[in-house]
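Laboratory data are not the source of any read-out in this text; all were calculated from the coordinates shown. Since the model is a prediction, treat every value here as computed from it, not as a measurement. Neighbour counts are summed over all protein chains in view; Cβ atoms, including those assigned to glycine, are modelled from backbone coordinates with ideal geometry.
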Amino acid sequence: MFELIFLGTSASAPSVHRGLTSQVVSYRHQRFLIDCGEGTQRQILRSGIGFRRLKRILITHGHLDHILGLAGLLSTFSRWEAIDDLEIWAGEWATERIEDLLFGVVLRGARPPMKIQMKPIEPGVLLDENGMRLSAFPVTHRGPGCFGFVFEELPHRPFLPERAEELNIPPGPIRGDLVKGQSVSLPDGRIVTPEDVLGPPRPGTRLVHVGDCGRADNLVETCHEADGLVIEATYLEAEADLARKFGHLTAQQAAELAQQAKVGHLYLTHISRRYRANEVLEEASAIFPNVAVVKDFDRFEIRRRKS
């Protein structure tokens, strides 16, 4: 299961009710901040999640409405020393702009308050640890080095308690070792292997996050049967020409992608101030019913769909 918290859901500029783009994806004890628009640190505080364990930041691309909040966040970390190290994952062009912002403006030659690691993004697996795999894939937008992200819970074999009872395996650490894939010796001398008490592999939850994006037809395979898809819906179809001009999607295009990819649920964000949320919802839900037009501070649990 992944927890998804939207901190900012506006396109390009903030509105009265929407902050600039930022989301937090949580898995067990891990947290990932995706994009960091202006004002993100205040949104973090208002959300109640705080700064703990917020040491990995994923940047979809280098446009200012997605990175300016890094300056304030680093400034706050400088005073509070909330974390010991900070990883910022970004494409080459975004990295250049972020380094100019943080090291040229915020720090200006001063020593960073924590270890800052700029991690380059290339298509493929970025992390594979603690039962979760994080991958990046290229998306089409204005400028180079734009990426989306796939969060994938690794397949696991469920523990079968009824089988454990049949084998008279006592509760406690012995069962835990079997879940970890280790054979155990019982008090009566019998050897029990994981094969005796684990079921067939089950796929894990899969969440796909797409930032600003100018086309969706090349993302069907990447998004195929994702349990959750987060994607922009900056325009309505009536202004599809503007969407193409500025490298964005309409709500209809996002919904068509969700339908073609057979995703579980669609979460639309990056909403323009020119539209009301119900207009965006009406256009998308006519094509794909399992859709939400998200608001700042909305929270969702992304779970694996039942077969």
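Which of T222, V291, S10 sits farthest toward the positive end of the charge dipole of the chain, with +1 on the Cβ of Lys and Arg and -1 on the Cβ of Asp and Glu? Farthest towards the positive end: S10. Going 7 Å from the Cα of I174 along its beta-carbon direction, which residues of the range 181-208 have the amide nitrogen within less than 17 Å of the resulting point? What the label zone holds, given the 17 Å backbone N cut-off, is 181-198.
Looking at the chain alone, DSSP beta bridges between its own residues are antiparallel in about 60 percent of cases.
Springs between alpha-carbon pairs under 10 angstrom, Gaussian network model over the chain: which of G199, G37, G91 fluctuates most? Result: G199 has the largest fluctuation of those listed.
Dipole size in debye (nearest 20) for the chain around its Cα centre, Lys and Arg Cβ +1, Asp and Glu Cβ -1?
On the way: 37 positive and 40 negative charges, 154 e Å.
It comes to approximately 740 debye.
Within the listed set E166, E129, E38, the residue fluctuating most in the Gaussian network model of the chain (springs between alpha-carbon atoms under 10 angstrom) is E166. For the chain, adding -39500 (n - 2.57) for each run of n ≥ 4 DSSP H residues and dividing by the number of residues yields -6500 deg cm²/dmol at 222 nm. Its Cα gyration tensor gives the chain an equivalent ellipsoid; the semi-axes, largest first and in whole Å, are 38, 26, 16.
Mean-square fluctuations from a GNM of the chain, with a 10 angstrom spring cutoff on Cα atoms, peak among N168, N130, N218 at N168.
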